[in-house]
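Notes follow once the structure below has been shown.
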Amino acid sequence: MRSSRALSLLTATILSSPAALQAASITPIPILPGKAACTVAGVSGEGRVVAGTATDRNGLSGQAFRWTATDGATSLGLLPGGSTSVARAISRDGTTIVGEATSTAAAVIGGTEAFRHRDGVMTGLHTPIFMDQAFAVNADGSLVVDSNSSLRWTPAAGVEQNVVPYACYGVSDDGSVVVGRSSGFVAQRWTPAGGVVNLPVPGPGSSVANAVSGDGTVAVGNRNNIACYWNAGDGFVSIGTPGVISTALAVNHDGGVIVGRANIGTGGATVAFVWTPKGGMQNLATLLLSQGVDLSAWLYKGQPSLVEATGISADGRYVIGNGTKQGFLVDLQSAPALSALEQWRQAAFGSPGNSGAGADTADPDHDGLPNLLEYALGTSPTQAALTPPLSTRFTAGHLTLGFSRVADPALTYTVQAATSLAPPDWTPIWSSTGAANTAGPVEVSDPATPSGTPVRFLRLSVQY
């Protein structure tokens, strides 16, 4: 009998390449005269109106404001007898800003009074029940909810209690979904039909829903200090890294883009993030730098300091957030979230583009593996491999091919077999793509037996 022979080959097929990326932009939100800093908390649906608060250098003496590129930052004024105010949210149509302020009425209880600012007038919400803090508002400003007493306000009924979650942090556009948490720190969701229900959290621990998509289908927040989202189909899905503190603070209209803060910066620093199903969780500053955005004005101790992302426009184009001293508005229209492959190129070559040394077909370390295969096999594109990326052995009488796989659903791994290379007769015997692409070692056994096929060739093909 002839001895069995095996040959392992690698091929790479590039099905598509992302379009060249263009520069995004970042706009600082100006600080009101006489103040030392500002933070922003909400942005209108089209991304043109921002609500925020200007403070002194100690973060006190707050003054709520409204900002547009045309009018700049404009103070919202004060409630009667009050001296400070804080903006918490803005309606999607940009007409209504809510928050809390000191006032004559609030002085009686030694706290603050919720306000609703519309048409240039700030109105306290205290009839027939006193609301001390307004934290979220629906699209047209007709529903306001608070963050600690199960209160909601509507024009018809005024302030009502025990209708919504104990602490309310987000409202859908039409007001039919309110999210937040219970007094025991369990994420909750309210609808007219179902009332207040705890979201089904897997396992023990705390959870909170900080926001809800405009269409009401996706709630975002954190579970055990890990950013997550929830919807009826998937339940709770973590989007952060286990063991790394993170929380989701806002989500766009259809739930496809999530923003917040996470300890993923240099040395574990807290930074703003943007998450998409394609790109995963990305440091907002890193994303902007990859698009050529100048962040020199946002440096703190030598590092870009975009600390948190607190709001997002309905289409996901505009993101607002805060640096160490003032708020910002980012335009991501021309800066789509980087794919996992683009992030890999950025880390390895300093650019996410499929060109030059970082091109999928380039082989800068001259080890015979083009970059796409280096990426797919988890090897270095700049340091030649000392050992072959593929291995072969016999397992229970079958030729077995071994290799390492990365967790990128956009890749398709295919193992093919042939009995001849002249001409080749490659036949697929195994394939992996999508959610099946889990990271780690993979072994694929050829179903053919050596006795039946004395000469056998195997190869791994990777497509993107």
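Each reported figure results from applying straightforward, stated rules to the coordinates on display, with no laboratory input. Only a predicted model underlies this, so the values are computations on that prediction, with no experimental measurement involved. All Cβ positions, glycine included, derive from the backbone under ideal geometry; neighbour counts span all protein chains shown.
Restricting to bridges with both residues inside the chain, how much of the DSSP beta-bridge set is antiparallel, in percent to the nearest 5?
Around 95 percent of the beta bridges assigned by DSSP in the chain are antiparallel ones.
Placing +1 on the Cβ of each Lys and Arg and -1 on the Cβ of each Asp and Glu in the chain, which of ASN354, VAL208, SER461 has its Cα farthest towards the positive end of the resulting dipole?
The Cα lying farthest towards the positive end belongs to SER461.
One quarter of the convex hull surface, Cα atoms only: what value does that give for the stretch 251-329 in nm²?
Averaging across all directions leaves 4.9 nm² for the Cα convex hull.
Take the chain, compute every pairwise Cα distance, and split them into 20 Å bins from 0; I just need the percent in each bin.
For the chain, the binned pair fractions read 23, 45, 23, 9, 1, 0 percent.
Just need the Rg to Rh number for the stretch 160-274, please, alpha carbons only, Kirkwood Rh. Could the numbers behind the result be given before it?
Working: Rg = 13.6 Å, Rh = 14.0 Å.
Using Cα coordinates only, the ratio equals 0.97.
What dipole magnitude, in Debye to the nearest 20, does the chain give about its Cα centre under +1 on Lys/Arg Cβ and -1 on Asp/Glu Cβ?
700 debye
How long is the stretch 327-421 along each principal axis, judged by its Cα atoms, biggest number first, in Å?
For the stretch 327-421, the Cα extents along the three principal axes come out at 64, 27, 25 Å.
With point charges of +1 on the Cβ of Lys and Arg and -1 on the Cβ of Asp and Glu, referenced to the Cα centre of the stretch 25-337, which listed residue (PRO30, SER305, SER176) lies farthest in the positive direction of the dipole?
SER305
Mind checking which of HIS253, ILE129, VAL442 is farthest towards the positive end of the chain's charge dipole, using Cβ charges of +1 (Lys, Arg) and -1 (Asp, Glu) about the Cα centre?
Sorting the options by dipole projection puts first VAL442.
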